[in-house]
Amino acid sequence: YYFFVSNQLGVQTITLSKDHSSEIVYLDGAWEFSEEFAKNVKPGAKIVLNYTAKNVFMVASAQSAVSLQLTLDGHSLDSDAGAHVQNDIVSVQQDQLYKLVEGSSSGEHQLIIEVLETGLEAFTFTFG
């Protein structure tokens, strides 16, 4: 999986495309790109993942706590919520692996992550 952006570092404003292929991380909103992570610079930025797996994990951090609102296949995560999710919200601050989705079976899914505050540093996503 990789971020679907140009190879330019620095701040970019990205508009989410209508077509989403699997195995690509799509971004929407204002993001600052470094060699190690993408950091949202305005609230309401989004990350869209189309994937085939059971579980989704993200390595991330933030200088101050940042809330992420998660939607799986257009609905609440319910029983598929990962260990770090409470009521479809993940609070990110400590530099660590966050368990976003821990599903009961593998399948094709779309995870939408809305970043409610500025400052999320998203490093990578992994799937299981």
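The values are calculated or read from the model by the stated rules, or taken from the named source; none is laboratory data. Because the structure is predicted, anything quoted here is derived from the model rather than measured. Glycine gets a Cβ as well: all are built from the backbone with ideal geometry, and neighbour counts include every protein chain shown. Side chains are part of the model used for accessible areas, which takes the heavy atoms of the whole protein and leaves out ligands, DNA and RNA. Shrake-Rupley method; radii C 1.70, N 1.55, O 1.52, S 1.80 Å.
Structure summary
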item: Single unsatisfied condition, I113 versus (1) open to solvent by less than 70 Å² (accessible area, probe 1.4 Å); (2) under 19 Å from Q12 (Cβ atoms); (3) in a loop (DSSP other than H, G, I, E, B); result: (3)
item: Members of region 4-40 that are touching a residue at least 60 places away in the same chain (Cβ under 8 Å), part of a loop (DSSP other than H, G, I, E, B) and over 18 Å from V56 (Cβ atoms); result: E36
item: Number of the condition not met by P43 [criteria: (1) out of contact with any Lys or Arg (no Cβ under 6 Å at 6 or more places or on another chain); (2) exposed (fewer than 15 other Cβ atoms within 10 Å of the Cβ); (3) not in a strand (DSSP E or B)]; result: (2)
item: Any hit, region 48-56, residues being open to solvent by 20 Å² or more (accessible area, probe 1.4 Å), within 13 Å of the chain's Cα centre (by Cα) and farther than 20 Å from F127 by Cβ; result: no
item: The lone exception for H84 - which of (1) touching a strand residue (DSSP E or B) at 6+ places or on another chain (Cβ under 8 Å); (2) under 20 Å from A30 (Cα atoms) it fails; result: (2)
